[in-house]
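Enquirer: Below you'll find the structure I mean.
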Amino acid sequence: EVAVSRSAKTASLLFANPTKSNQDMVLQLVIDDVVILQSGLLTPGNQVTTLSLLDGAEKRLADGGYDGKFVVLYYASGERAMINTEIPVSVTVTE
């Protein structure tokens, strides 16, 4: 579950790259085919709990609930892998 604050221009979430992972990850939150936020590179063993929205993303969202998805991009040796993972997620947007 993700909670987005339009006024703070942030999202609260919990996402971790497991310690046993052998790849770095970048996390995106996508709503209605639009990338709302993107993390920096998450190395194995690291997690994020708050991320800033991309510039102007708060203007695309109204208060309420959305069906979104996490898109996880994988990187090995600094190169983006050809695969990614999509994870359905509930998003609640407030002022």
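Enquirer: Out of all the residues in the stretch 70-94, which are surrounded by fewer than 10 Cβ atoms within 10 Å (Cβ to Cβ) and not polar (S, T, N, Q)? Don't jump to the end; show me each part of the working.
Expert: Just the residues of the stretch 70-94 that are surrounded by fewer than 10 Cβ atoms within 10 Å (Cβ to Cβ), to begin with: 77-79, 82-83, 88.
Correct list: GLY78, GLU79, MET82, ILE83, PRO88.
Enquirer: Just give me the residues in the stretch 23-44 being under 19 Å from SER77 (Cβ atoms) and assigned to a strand (DSSP E or B), in sequence order.
Expert: The answer is ASP24, MET25, VAL26, LEU42.
Enquirer: Now for a separate question. Checking the structure you have, find out if any residue of the stretch 57-67 is assigned to a strand (DSSP E or B) and among the acidic types (Asp, Glu). Reasoning before the result, please.
Expert: Just the residues of the stretch 57-67 that are assigned to a strand (DSSP E or B), to begin with: 64-67.
Narrowing the set further to residues that are among the acidic types (Asp, Glu) leaves 67.
Yes.
Enquirer: Every residue in the stretch 1-22 that is closer than 16 Å to THR85 by Cβ, part of a loop (DSSP other than H, G, I, E, B) and touching a residue at least 40 places away in the same chain (Cβ under 8 Å), please.
Expert: ASN22
Enquirer: Hey, another quick one. Six or more apart or on different chains, Cβ atoms under 7 Å: show the pairs whose first residue is in the stretch 77-89 and at pLDDT 90 or above and whose second is among the polar types (S, T, N, Q) and surrounded by 10 or more Cβ atoms within 10 Å (Cβ to Cβ).
Expert: Cβ pairs passing all conditions: ALA81/GLN23.
Enquirer: While we're on this one: List the residue pairs whose Cβ atoms are under 6 Å apart, where the first residue sits in the stretch 25-52 and is within 19 Å of SER90 (Cβ to Cβ) and touching a residue at least 40 places away in the same chain (Cβ under 8 Å), the second is open to solvent by 70 Å² or more (accessible area, probe 1.4 Å) and not aromatic (Phe, Trp, Tyr), and the two are 6 or more positions apart or on different chains.
Expert: GLN28/GLN38
Residue-by-condition table, conditions (1) of a type in the set (Gly, Ala, Ser); (2) touching a His at 6+ places or on another chain (Cβ under 9 Å); (3) buried (at least 17 other Cβ atoms within 10 Å of the Cβ):
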| position | (1), (2), (3) |
| --- | --- |
| VAL2 | no, no, yes |
| MET25 | no, no, yes |
| THR49 | no, no, no |
| LEU61 | no, no, yes |
| GLY68 | yes, no, yes |
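Enquirer: Out of all the residues in the stretch 1-24, which are of a type outside the set (Val, Ile, Thr) and over 15 Å from THR94 (Cα atoms)? Quick ask: steps written out before the conclusion?
Expert: Filtering the stretch 1-24 down to residues of a type outside the set (Val, Ile, Thr) leaves 1, 3, 5-9, 11-18, 20-24.
Within the stretch 1-24, LEU14, PHE15, ALA16, ASN17, PRO18, LYS20, SER21, ASN22, GLN23, ASP24 qualify.
The values are calculated or read from the model by the stated rules, or taken from the named source; none is laboratory data. Here the structure is a predicted model, which is why all the values come from computation and not from measurement. Note that each Cβ is placed from the backbone with ideal geometry, even for glycine, and that neighbours are counted across all protein chains shown. For accessibility, only protein heavy atoms count, side chains too; no ligands or nucleic acids. Shrake-Rupley method; radii C 1.70, N 1.55, O 1.52, S 1.80 Å.
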